[in-house]
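Here's the structure, in structure tokens; my notes come after.
Computed from the coordinates by the stated procedures, all read-outs in this text should not be read as laboratory data. All of these numbers come straight from a predicted model, not from anything done at the bench. Every residue, glycine as well, gets a Cβ built from its backbone with ideal geometry; the counts of neighbours run over all protein chains shown.
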Amino acid sequence: MVINTIDAKMLARMFLAGAKNIEAKKEWINELNVFPVPDGDTGTNMSLTILAAAREVGNQENLTMESLAKAISSGSLRGARGNSGVILSQLFRGFTKEIKDYQELDTVILANALQKAVETAYKAVMKPKEGTILTVARGVADKASELAGKTDDLTKYLDAVIRHGDYVLSQTPEMLPVLKQAGVVDAGGQGLMEVLRGAYDAFLGKEISFEFTSEKSAEPAKTGVQEASEIKFGYCTEFIVMLEKEYSMDTESDFKAYLSSIGDSIVVVSDDDIVKVHVHTNDPGLAIQRALTYGSLTNMKIDNMREEHQEKLIKEAEQKAAQEAASMENAAQPKKEFGFVAVSIGEGVNEIFRELGVDYIIEGGQTMNPSTEDMLNAIDSVNADTIFIFPNNKNIILAANQARELVENKKIIVIPTKTIPQGITAVISFIPDKTAEDNEARMIEEIARVKTGQVTYAVRDTNIDGKEIRQNDIMGIGDSAILAVGTDIDETASEMIKELVDEDSELISIYYGEEISEEKASAFAESIVEAYPECDVEVHKGGQPIYYYLVSVE
């Protein structure tokens with residue numbers, strides 16, 4: 001049977017299926033991050049963004065195209081996290097603007113909506129870069145427009161559009177050399193295609209479970225936090241199979257079918273002589289036993305999701321209570337001219353910002369990008385006419401800008417700080433007697449003088465910036481490139497600082513993370529003092545996870 005139109009009920013089902021598919025694939029998408037750092041979060045950000053919209057869609061009782069469009073647009077805009085999530089929300093925003101006045105969608109309306117989606121997303125990015133999610137979205141939209149006048153059969157139409165999107169995605173390494181060097185396609189583009197592929201599966205009538213496993217997700221008919229007892233499969237199981245026997249497409253199909261019989265959220269990716277496996281199951285041993293029939297296993301990781309769920313609930317409750325207390329305290333204060341909101345992570349760094357006069361600290365940053373909604377809540381909590389926001393992460397600036405556009409009763413100024421040290425410098429640069437515009441200009445000028453380095457470990461083998469990197473190597477990452485690679489934390493950090501310091505450098509600030517003791521940090525700082533006697537060296541407890549040291553050179 002030929003299907004020529006999509007109504008609101010079908011579109012809602014397709015949207016939820018797209019959300020479900022990217023949620024299942026988010027860890028795999030995270031691994032496509034170019035830099036092999038342990039905080040690659042493109043998949044997580046896109047998943048949480050679309051799941052925020054899924055909650056809104058799930059709350060709809062009398063579904064119409066207009067109400068569905070509003071739910072998708074509003075939910076994704078406020079729930080947007082990270083650059084990829086913000087761009088995804090803008091794609092939804094443009095798409096829904098075009099469809100909201102129709103009762104049913106055909107190929108022509110879909111083509112126009114996809115073009116509007118791309119136009120809206122490109123406008124939201126100050127300097128659009130090709131070889132990214134934007135390029136993939138434009139490829140999808142252009143193909144949709146090309147085919148709109150040639151067929152009314154939505155089954156053939158959507159299939160051709162998605163296949164072309166996959167082709168454009170496969171070409172992203174040719175557009176961005178850094179992707180080709182790392183041997184990956186663009187993670188955001190991959191995430192977009194997973195959303196579209198999930199939606200197409202629902203259109204075809206495939207059986208899809210709408211039970212979301214993310215604690216920030218929602219089933220179609222209800223919202224709220226998923227209880228631990230509702231987690232159907234309790235163990236997140238991951239490993240790599242080093243193939244020792246013939247592994248064909250049929251073998252992979254049988255393997256996936258077996259995993260489906262014992263769990264869900266299945267991702268099986270083959271690459272030459274290895275197979276990456278991700279599955280949620282109640283018996284990891286069964287998955288492991290089957291995998292051993294194909295070869296030996298490495299990089300094995302099993303997490304109890306029910307225990308992690310309870311720990312997250314406790315931590316989130318504590319953070320929420322602290323934020324509510326801070327909000328009440330701020331609201332009780334007399335209204336002031338200027339207020340400050342900073343994204344931060346690590347108790348030491350948080351305390352530094354508090355001491356500098358920051359009114360509201362959003363917990364987040366490297367391991368969990370805060371959403372536009374988090375920004376809006378922070379803005380509401382600060383009783384000031386003008387509020388400066390310091391994102392302190394390049395992947396959070398778009399969400400901060402999006403929050404600014406949604407606020408009408410306060411003046412919001414986003415200072416584009418890309419690192420914690422830049423944020424600290426910006427706050428220090430504030431002069432109370434100056435105007436908001438003068439302070440904005442001064443802060444932007446001062447953060448341009450700050451060079452930042454971050455020391456962490458590699459999560460996979462790769463070759464980038466001309467450096468051969470092995471899993472678990474220590475990396476010193478600068479503002480735009482990997483500056484040092486080694487096996488020792490202090491040695492790598494020292495080599496990184498050497499790349500940052502020049503004849504104009506005067507101050508080296510070191511913030512040590514939660515895995516570094518005060519004694520070790522002090523000893524390291526002493527070695528830097530000896531190496532650069534012409535510079536002042538400061539050492540602070542940062543307490544940040546994942547990054548052993550954050551370093552700034554000014």
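Among the DSSP beta bridges whose two residues both lie in the chain, what percent are antiparallel, rounded to the nearest 5?
Details: 47 of 67 bridges.
So the antiparallel bridges amount to about 70 percent of the total.
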Separation in nanometres of the label points that stand 7 Å from Cα toward Cβ, at residue 181 and residue 515: 2.4 nm
Distant-in-sequence amide H partners of residue 295 (H built 1.01 Å from N, under 5 Å): 244
Correct choice for Cα extents along the principal axes in Å that was computed from the model, options (1) 86, 69, 53; (2) 77, 60, 46; (3) 76, 55, 42: (2)
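If r is the Cβ-Cβ distance from residue 438 to residue 385 and R0 is 25 Å, what FRET efficiency results, to the nearest 0.05?
0.95
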Spatial separation of Cα centroids for the stretch 398-471 and the stretch 51-84, in angstrom: 29 Å
³J(HN,Hα) computed for each position of the stretch 516-523 - Karplus, 6.51 cos²θ - 1.76 cosθ + 1.60, integer Hz, glycine/proline x: 10, 6, 4, 5, 5, 5, 5, 5
Vicinal HN-Hα couplings computed from phi for the stretch 169-177 (Karplus, 6.51 cos²θ - 1.76 cosθ + 1.60; Hz; Gly/Pro x): 4, 5, 8, 4, x, 6, 8, 10, x
Length-normalised contact order of the chain in % [C-alpha pairs under 8 Å, at least 6 apart]: 12 percent
Residue order, fewest to most beta carbons within 10 Å, for 462, 251: 251, 462
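Full-extension gain between residue 170 and residue 258, please, as 0.36 nm times their residue separation minus the C-alpha to C-alpha distance.
Computed gain between residue 170 and residue 258 is 28.8 nm.
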Hypothetical label at residue 407: residues of the stretch 343-366 whose amide nitrogen lies under 18 Å (7 Å Cα-Cβ projection): 343-344, 354, 357-365
Residues of the stretch 513-554 with amide N under 18 Å of a point placed 7 Å along Cα→Cβ from residue 506: 532-539, 552-554
Estimated [θ] at 222 nm from DSSP helical runs (n ≥ 4, -39500 (n - 2.57)) normalised by residues in the chain, nearest 500: -16000 deg cm²/dmol
Cα gyration tensor, the stretch 393-441 - rounded (a/c under 1.5), prolate or oblate: oblate
Under 19 Å from the Cα of residue 336 - aspartates and glutamates, other chains or at least 8 residues apart: 355, 359, 380, 385, 408, 433, 437, 438, 440
Distant-in-sequence amide H partners of residue 339 (H built 1.01 Å from N, under 5 Å): 386, 387, 388
Summed residue charge, Cβ within 15 Å of residue 375's Cβ, Lys/Arg positive, Asp/Glu negative: -2
Net charge of neighbours whose Cβ lies under 14 Å from the Cβ of residue 283, counting Lys and Arg as +1 and Asp and Glu as -1: +1
Length-normalised contact order for the stretch 431-554 - Cα pairs under 8 Å, 6+ apart - percent: 27 percent
For the stretch 184-198, 3J(HN,Hα) per residue [Karplus equation, 6.51 cos²θ - 1.76 cosθ + 1.60, θ = phi - 60°, Hz, x = Gly/Pro]: 9, 8, 5, 5, x, x, 5, x, 4, 5, 5, 4, 5, 5, x
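Below 15 angstrom from the Cβ of residue 293, what's the summed charge of the other residues (Lys, Arg +1; Asp, Glu -1)?
Working: positive: 245, 256, 290; negative: 244, 246, 250, 252, 254.
Computed value for this residue: -2.
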Computed label-point distance, nm, for sites residue 351 and residue 244 using a 7 Å Cα→Cβ extension: 5.2 nm
Percent breakdown of C-alpha pair distances by 10 Å bin, ordered from the shortest bin, for the stretch 228-305: 20, 56, 21, 4, 0
Where labels lie 7 Å past Cα in the beta-carbon direction, separation of residue 336 and residue 155 in nm: 6.5 nm
Amide H partners (placed H, <5 Å) of residue 362, local residues excluded: 342, 343, 344
Rh (Kirkwood; distinct C-alpha pairs) - the stretch 451-553, Å: 13.6 Å
